[in-house]
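Here the structure is laid out as structure tokens; the discussion comes afterwards.
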Amino acid sequence: MLITLIRRELLDNLMTFRFAVAIFIMLLLVVANTAVLLKDYDKRLASYNTAVKKNRQELLETKTYSAGHISLNRAPNPLSIFNIGLDKRLGNEIWISYVYMPTLWDANKHGTDNPFLNLFTSIDLVLIFQSVLSLLALIFAYDSLAGEYERGTLRLVLTHPVGRGYILFAKYIGAMICLLVPLLMSILLSLILLTTSPSISLSTDDFLRIGGIVFTSLVYLSLFYLIGMLISAMTRRTSTALMLAMFVWGFLVPVYPNMILTAVETAPKIGTEASAYNQIKQIWEKHDREQKQFLANDAFPGDDWDFNLIGTGYSFWGGEDDPLTLHYYDYTGSHLETLEEKYELRVPHAQNYHHFLGTNIINTVERAWLIRKPALETIYLQPARIGRMLLKVSPVGLYDGATEAWAGTDLKSIQDFFSAAQRHRRAIVNHFYDKEIFASRKWFTADQGAVDWNTLPQFSFQRSDIGTNAKRALPDLFLLMMINIILFTIILLIFVKSEV
Amino acid sequence: MIWHIAKRELYDNLNSLRFALATMLLLGLMLTNAITHLREHPERVQKYRDAVAKHQSLLTSHAENSLYELAQQGPGRLYKQPSPLRFCAEGGETFLSDHAEGGYHRWSTDTLKSFWILVYPSVTPNVDNVHPEVTKVDWSFIIGYVLSLIALLFTFDSISSERERGTLRLTLANSIPRHTVLIGKFLGALISINIPFILAVLVNLLVISTSSNVHLGTEAWERLGIIFIIAILYMCLFLVLGLLVSARVQRSAVSLVILLLVWVTFVVFMPGTLASIAGGSASSGPTRGFYEYSWQVHNELSAQYRSRRRNASENSTQKVQSAGEYVIKDAEQQERLHEERLKQRIDQVNRARIITRLSPVTIAQHLLESFAATGFERHLQFLENVQSYARQFRVFIADSDKADPESLHILGVRAGMSEKPVSPEAVPKFEDALNLSKDFNIAATELMLLMLFVVVLMSGAYLAFVRAEV
């Protein structure tokens, strides 16, 4: 009996004009956007590859440790085609140095071309499912019960010895199968396009992740179908149900996310960071005093930080100071290819000084990091978290959050990269300590041979494994499923108690 | 007779669920918009005033030191005046810089200092922005997205449902021409949407104008009037589209499905997709490459200068002259490079903007931006103002230098220029003027395009309804 009911539903829905139109538009959108997104991904990948090559080359041309500029690049995520998340937006090049702790807020963008292009919104496949398929789900649902009331066919069905729960269930399953058709078709179509592209190679894990996205999409669609069914069960008139369903869709999908984030201030609280910034500055000023003291106590030329070592090459002093991101550091170094003979006497003093300086800077960075980390958390992460939480009142927010987590373009996955960068910095610092590089001659001069950069610890970053992705996606997914179950129960109660 | 039909349509709508829901939705959005504007706008104005005051005091101190210093340091940062109508259209202002840099220091040697050039800083708020992406609820969002959806929901069944119920046949049995019916229905729907819309707009403006922090001048009200008319025109577009589909399609459910899918495609997806197609077609090159290139150009010039100086005799005036030439030429070259890059970027965006005009929502948004004095076109106007001010400033420097008899009249070096202080009042002030008629000229094409869309759809709806079988 269940099978018969499901088949009836299927035929009812599949053989309609609206279904054909929906599938046509859906596929059109998916193909057009996948092509555009693929091109964009190729461009980002190319720019990533050039950046990596260029950074490596620049590093190899440097001959002293202090002048070495180690930059790490974040590769674009191929799954960003499904949900772009923060992948394209946040910085993807970070400078690794002993003088500061690298974070997301210190990153730059390699090959940032036209900044005006940010004026245009970016689109991903999840956005298509989110708006078009949810609309389709509501359109399938609005007349599922109300239409049968009106036509009187419900009475007919109920004359058979079938439980009302059965009928409801059959309707639900039938509609879900119908919704699965466009969803799977578009996913498969975009996968075909993805696999034919030479720049993207998807691993088994990636396919599992895409599976996760498909499953989440299905749960999301079922939620909208159930919302439509609830409206249909409550109103009993198709025209009212349709109107109500459209307004609910309009409110949940385009209006609510934008409205709530406009109404509630979630932008970073610029200005709250003043005290933390001053503390960090004080820590660095202490370092500065200690440095001056060291130079004053040194037997040799006194107060000059580069000890007037003269040869071919240059010495440099650098620093940066950005109150908005609590970014503060300074450093010195030199890149001397040769050294004049008469300054040889000063070299041990310089070595001694750089040894002191390196150690002191690293300690200063650690102390400053203790303040900077919680401050960044309150300024940037907390408001963002509140914003995401508010979004999750609407199923759209839950769906977006879950798919972002599956694709690995959410904030946590991006932060993984920066934690890896921090670990890499620690590894380099440890390497410097172990090999006593701060105290070595190669720190500031290359007159007795250049640095072999290949001995440095190598950086490797793997995107988080599928288990981690799943763990991050599950809370939102479970919440979506729970709302589904609650809605289904409510519909069942209403339907069972209603008079036909 | 038209009024009779319109009235019937109006009464039908006033009692309906959609009318109540539309009113609630629009009121809620407009209130959110007004409250957010009241929260944000005073801060923005304060920030602008502080920045301008700071820049003015810097300029004064340079002028009081000497003419040379004023000429070398330049006018400093020039700020863009925030628009009081930003609640109408956000226009991506967060992605556009709020100033141009007119005092860019590049290099100095022991005898020479680089002259100021005009550069155009870019903002990338994205890099440290971890909060979820959001479209600000401004009028352009409310009109572009919500109002268009509501317009479709008011008209999708206007003809098809009558056909379903059979009342259409009854109406047409009387001696009423079909176009009268169509126009009557159109007017009825137009009036019934305008009731909640005008209500919401009035509430919004009431909240905004009663606050003492935000002041709307006469010109702002004129602009608001134009924006309102554009909103109505845009609304008509979707009403007519609804009528067109409704007339062609037998069942109202099918008509709604088609309309909604068309809406989603044109309103939600087309702007983004088209922009990425057009914007991605040409890259203006990475930033780092640009700075390397400009540095290389500078180095070539300074090498030339150095070799020339070596050849030059010890005649001091000649030496000063060649140094002055070098500094000025370097400034000109560098400024041209920056300007070329800016032009390249603007061209790329303009190409994308032209293509996105295929979507009516983008046209409406561009129009709203133009009249709210925000967004890209406004930014271009600001840059134009900045450039003309820079010319004015340079002329002022040259003229005041000529007025000093002790000066050698060789711009670019301290030795060749007047060392006398300048009265700060005499220095031209940067005025970021807004000009309604200019905005109107820029917007004219898009206004025409929107009207064209409406007329085409209107005639389409007429033809569809005249030939439709009842």
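Read-outs: derived from the displayed coordinates by stated rules, not from any lab. Please read these numbers as outputs of a predicted model, since none were measured by experiment. Cβ atoms come from the backbone with ideal geometry, glycine included; neighbour counts cover every protein chain shown.
Counting each DSSP H run of 4 or more residues in chain A as -39500 (n - 2.57), what helix-only mean residue ellipticity at 222 nm follows after dividing by all residues, to the nearest 500 deg cm²/dmol? Intermediate results must be reported in sequence, preceding the final value.
Details: 16 runs with 302 residues, N = 500.
That comes out to -20500 deg cm²/dmol.
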Practice task
Quick one: angle between helix B:178-210 and the longest Cα principal axis of chain B, in degrees between 0 and 90, rounded to 10, please.
Solution key: 50
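Please average, across the residues of A:244-250, the number of beta carbons from any other chain that are within 10 Å of each residue's own beta carbon, and give a whole number.
Numbers: counts 3, 0, 9, 10, 1, 2, 9.
If you average over the peptide's residues, the count of other-chain Cβ atoms is 5.
May I ask you to sort A:Met482, A:Met246 by Cβ crowding, counting other Cβ atoms within 10 Å and putting the fewest first?
Details: A:Met482 10, A:Met246 24.
Final ranking by Cβ density, sparse to dense: A:Met482, A:Met246.
Residues with beta-carbon under 14 Å from that of B:Arg8, excluding B:Arg8: net charge, scoring Lys, Arg +1 and Asp, Glu -1? Intermediate values should be presented prior to the final figure.
On the way: positive: B:Lys7, B:Arg165, B:Lys185; negative: B:Glu9, B:Asp12, B:Glu162.
Charge balance in the 14 Å sphere: 0.
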Practice task
Towards the positive end of the charge dipole of chain A, with charges on Cβ (+1 Lys, Arg; -1 Asp, Glu), say which of A:Pro78, A:Ala233, A:Asn114 has the farthest Cα.
Solution key: A:Ala233
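When only DSSP loop residues count, what GluC sites (Glu not before Pro) in the range A:289-391 have their Cβ near at most 12 other Cβ atoms within 10 Å? Before the final figure, lay out the partial values.
On the way: sites: A:Glu290, A:Glu320, A:Glu337, A:Glu340, A:Glu341, A:Glu344, A:Glu366, A:Glu377; in loops: A:Glu337, A:Glu340.
In loop regions of the range A:289-391 (DSSP not H, G, I, E or B), the sparsely surrounded GluC sites (Glu not before Pro) are A:Glu340.
Once you list every other residue whose beta carbon is under 15 Å from the beta carbon of B:Val137, what net charge do they have if Lys and Arg are +1 and Asp and Glu are -1? Walk me through the numbers on the way to the answer.
Working: positive: B:Arg39, B:Arg86, B:Lys136; negative: A:Glu265, B:Glu40, B:Glu90, B:Glu93, B:Glu133, B:Asp138.
Computed value for this residue: -3.
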Practice task
Jot down the per residue volume, in cubic angstrom and as a whole number, of the convex hull over the alpha-carbon atoms of the range B:1-108.
Solution key: 159
Practice task
Just tell me which lysines come within less than 29 Å, Cα to Cα, of A:Lys292; anything on the same chain fewer than 8 places away is out.
Solution key: A:Lys63, A:Lys281, A:Lys342, A:Lys373, A:Lys435, A:Lys442
Completion exercise
Between B:Val45 and B:Arg310, the FRET efficiency computed from the C-beta separation at R0 = 56 Å comes out, to the nearest 0.05, as 0.50
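Please give the charge dipole size of the protein assembly as shown, origin at the Cα centre, charges +1 on K and R Cβ atoms and -1 on D and E Cβ atoms. Round to the nearest 20 debye. Don't jump to the answer; show the numbers that get you there.
On the way: 90 positive and 90 negative charges, 659 e Å.
Charge dipole of the protein assembly as shown: 3160 debye, to the nearest 20.
R0 = 35 Å: FRET efficiency of B:Leu17 with B:Arg169, Cβ-based, nearest 0.05?
Working: r = 26 Å, r/R0 = 0.75.
The value I calculate is 0.85.
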Practice task
Looking at the protein assembly as shown, send over the antiparallel percent of its DSSP beta bridges, to the nearest 5.
Solution key: 95
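Normalised radius of gyration for the protein assembly as shown, please: alpha carbon Rg relative to 2.2 N^0.38 Å, two decimal places.
Details: Rg = 33.3 Å, N = 970, 2.2 N^0.38 = 30.0 Å.
In units of the 2.2 N^0.38 Å rule of thumb, it is 1.11.
Please give the net charge around A:Ile491, taking every other residue with its beta carbon less than 12 angstrom from that of A:Ile491, where Lys and Arg add +1 and Asp and Glu add -1.
Values: positive: A:Arg164, A:Lys171, A:Lys497; negative: none.
Result for the local shell: +3.
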Exercise for the section: Specify which residue in the list B:Ser418, B:Phe19, B:Val297 is farthest towards the positive end of the charge dipole of chain B, using unit charges on the beta carbon of Lys, Arg (+1) and Asp, Glu (-1), about the Cα centre. Expected result: B:Phe19
Completion exercise
Counting only DSSP beta bridges with both partners in chain A, the antiparallel fraction in percent, to the nearest 5, comes to 95
Completion exercise
Among chymotrypsin sites (Phe, Trp or Tyr not before Pro) in the range A:1-53, those in a DSSP loop whose Cβ has at most 15 other Cβ atoms within 10 Å are none
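How much mean residue ellipticity at 222 nm does chain B get from its helices, if each DSSP H run of length 4 or more adds -39500 (n - 2.57) and you divide by all residues, to the nearest 500 deg cm²/dmol? Present the calculation step by step, with values, prior to reporting the outcome.
Values: 15 runs with 316 residues, N = 470.
That calculation yields -23500 deg cm²/dmol at 222 nm.
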Problem - A:Gln448-A:His69 pseudo-label distance in nm [points 7 Å out on the Cα-to-Cβ vector] - result: 2.8
Exercise for the section: Take every Cα-Cα distance within chain A, group them into 10 Å bins from 0 onward, and report for each bin the whole-number percent of pairs it holds. Expected result: 4, 16, 22, 19, 14, 10, 7, 5, 3, 1, 0
Problem - Helix runs (DSSP H) in chain A reaching 15 Å along axis by Cα, Kyte-Doolittle at least 1.0 - result: A:164-196, A:204-235, A:238-250, A:466-497
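What is the projected area of the convex hull of the Cα atoms of the range B:384-470, averaged over all directions, in nm²? Don't jump to the answer; show the numbers that get you there.
Working: hull surface 37.2 nm².
So the Cα hull casts an average projection of 9.3 nm².
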Exercise for the section: Can you pull the one-decimal nm distance between simple spin-label points at A:Met481 and A:Arg367, each 7 Å off the Cα toward Cβ? Expected result: 5.1
Problem - Centre separation in Å (Cα based) which lies between the range A:308-381 and the range B:200-261 - result: 59
Problem - Paramagnetic reach from B:Ser211 (point 7 Å along Cα→Cβ, amide N under 14 Å) across the range B:20-36 - result: B:30-36
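Send over the per residue convex hull volume for chain B, Cα only, as a whole number of Å³.
Numbers: hull volume 77.5 nm³, N = 470.
Taking only Cα atoms, chain B has a hull volume of 165 Å³ per residue.
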Problem - Averaged over B:144-155, number of beta-carbon atoms from partner chains that fall within 10 Å - result: 2
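On average, how many beta carbons from a partner chain sit within 10 Å of the beta carbon of a residue in B:270-277?
Details: counts 3, 3, 8, 10, 3, 7, 10, 5.
Going residue by residue through B:270-277 and averaging, the value is 6.
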Handout entry: the range B:318-464: relative contact order in percent, alpha carbon pairs under 8 Å with at least 6 residues between
Key = 34
Fill in the blank from the handout: Once amide hydrogens are built 1.01 Å from N within the peptide plane, the residues lying 5 or more places from B:Cys88 or on another chain with amide H under 5 Å from its amide H are B:Trp139
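Considering every Cα-Cα pair within the range B:325-440, what fraction, in whole percent, is farther apart than 21 Å?
On the way: 3784 of 6670 pairs.
Across the range B:325-440, Cα pairs with separations above 21 Å total 57 percent.
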Fill in the blank from the handout: 1/(1 + (r/R0)^6) with r = Cβ-Cβ of A:Lys286 and A:Leu381, R0 = 22 Å, i.e. FRET efficiency to nearest 0.05, evaluates to 0.20
Problem - Whole-percent pair-distance distribution, where bins are 5 Å wide, for the alpha carbons of the range A:267-467 - result: 1, 6, 11, 13, 14, 14, 12, 9, 7, 5, 4, 2, 1, 0, 0
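Per the Cauchy relation, a quarter of the hull surface: what is the mean projected area of the convex hull of the alpha carbons in the range B:129-212, in nm²? The partial results should precede the final answer.
Values: hull surface 35.8 nm².
Result: a mean projected hull area of 8.9 nm².
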